[in-house]
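The values are calculated or read from the model by the stated rules, or taken from the named source; none is laboratory data. As the structure is a prediction and not an experimental result, all values here were calculated from the model. As a convention, Cβ positions derive from the backbone with ideal geometry for all residues, glycine included, and neighbour counts pool all protein chains shown.
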Amino acid sequence: MPELPEVETIARTLRPQIEGKRISALELLLTRSLQGETELFPRIRGCKIDRVLRRAKLLLLFLSTADAPAHAGEKTEKNGGEPSLVLAFHLKMTGGFCILPEGTPPQKHTRIIFDLEQGGHPATRLFFNDIRTFGFCRVMRPGELNAWPFWRALGPEPLEGEAEALAAHLALSFRQRRGAVKAALLDQSLIAGIGNIYADESLFRAGIRPDVPAGGISEAKVLKLAKAIQDILLLSIQECGSSIRDYKDANGKAGAFQNSFAVYGRKGLPCPLCGQTLESARIAGRSTVFCADCQQ
Ligand SMILES: [Zn+2]
């Protein structure tokens, strides 16, 4: 599943190619790929993509109708009063995007097509592709985003602010938790954007066993963990994310951070620090790899 660095990479590769473009037509090829108020879907047509943002593992497109074709000056009030929309994509297991030339037919796993134009001329097609079809696009009015329970439940962004602030948040959140620290890191309401890969890699970097109770970790180690989380996420973003199976950025390029994994997917291989064989256990319902020597 794409985690924070992968969705961030997708946002970064989409941004220069779709921001400012107008959605001239759209096609829903799989009904369940669309969530929320489906009546809003047709209203996407004619909107301009103002901003591409990421929050947690969500990719957001903020649309406006503000400068819809109008008689300059005269109808600005009317046009400005039209509601804008937000599209929130959750990529789940295999969701992704690609940008292709105008007229390109849908691919095998294309679920939604957005035809984009610039300056009144057809420009490109944005495909939302999804092999396993767990991903979705939710169409909302801006005010509805803040009311969406999924959105409201999201914890803080790990890369916003200093490591010390993140550590203080983690320490406070961990205090009452008897469950494994890995489960805490996977809890999107505690910290947003971390999944199996970056939980394992961060815990290794911080020297923390993934199965120790979150509430029992010392403040010094929580700070180490906060720094490790930020380091690992930033390193992965630099490498355009990790491609294990299907993940590709919006240009169809795979990430490279999988080549830097210390533990994830390396069960039975030597620990990069001490050489001891890496162990695997099921923690928080997920396959987890760690070094019993380096992680205490
Ligand atoms: Zn080791």
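Details
- Remark: Ala256 falls outside the filter, which requires a residue to be among the aliphatic types (A, V, I, L, M), more than 13 Å from the ligand (Cβ to nearest atom) and over 27 Å from Ala11 (Cα atoms).
- Set Ala256, Ala281: member being within 25 Å of the chain's Cα centre (by Cα) and of a type in the set (Gly, Ala, Ser): Ala256
- Single residue of the stretch 283-296 satisfying the filter (within 11 Å of the ligand (Cβ to nearest atom) and assigned to a loop (DSSP other than H, G, I, E, B)) that is modelled with the lowest pLDDT: Gln296
- In the stretch 259-274, the residues that are within 11 Å of the ligand (Cβ to nearest atom) reach residues that are assigned to a helix (DSSP H, G or I) with C-beta atoms within less than 7 angstrom, at least six apart or across chains, in these pairs: Ala262/Glu201; Ala262/Phe204; Val263/Asp200; Val263/Glu201; Val263/Phe204.
- For Leu170, the criteria (1) more than 23 Å from Ala250 (Cα to Cα); (2) surrounded by fewer than 16 Cβ atoms within 10 Å (Cβ to Cβ) hold in every case but one, which is (2).
- The single condition among (1) at pLDDT 95 or above; (2) assigned to a strand (DSSP E or B); (3) not charged (D, E, K, R) that Ala123 does not meet is (1).
- Every residue from the stretch 3-43 that is crowded, with 21+ Cβ neighbours inside 10 Å and modelled with pLDDT under 95: none
- Residue ID - nearest to Gly193 (Cα to Cα), chosen from residues in the stretch 51-85 that are at pLDDT 95 or above and surrounded by fewer than 16 Cβ atoms within 10 Å (Cβ to Cβ): Leu53
- Test: residue in the stretch 206-229 that is under 29 Å from Thr133 (Cα atoms), away from the ligand (no atom under 16 Å from the Cβ) and in contact (Cβ under 8 Å) with a residue 60 or more places away in the chain: no
- The criterion of at least 1 residues that are among the aliphatic types (A, V, I, L, M) and either out of contact with any Ser or Thr (no Cβ under 6 Å at 6 or more places or on another chain) or at pLDDT below 95 (or both) is met, among helices (runs of 4 or more DSSP H) falling completely within the stretch 148-226, by 163-174, 181-186, 196-206.
- Failed criterion for Arg178 (all others in (1) touching a residue at least 40 places away in the same chain (Cβ under 8 Å); (2) of a type in the set (D, E, K, R); (3) loosely packed, with under 15 Cβ neighbours inside 10 Å hold): (1)
- Test: residue in the stretch 140-150 that is farther than 30 Å from Pro106 by Cα and of a type in the set (Gly, Ala, Ser): yes
- Boolean, Asp130 is buried (at least 20 other Cβ atoms within 10 Å of the Cβ), among the acidic types (Asp, Glu) and touching a Ser or Thr at 6+ places or on another chain (Cβ under 6 Å): yes
- Checklist (1) assigned to a helix (DSSP H, G or I); (2) out of contact with any Leu (no Cβ under 9 Å at 6 or more places or on another chain); (3) within 16 Å of the ligand (Cβ to nearest atom) applied to Ser280, failing item: (1)
- Of all residues in the stretch 197-245 being of a type in the set (S, T, N, Q) and surrounded by fewer than 21 Cβ atoms within 10 Å (Cβ to Cβ), the one that is farthest from the chain's Cα centre (by Cα): Ser218
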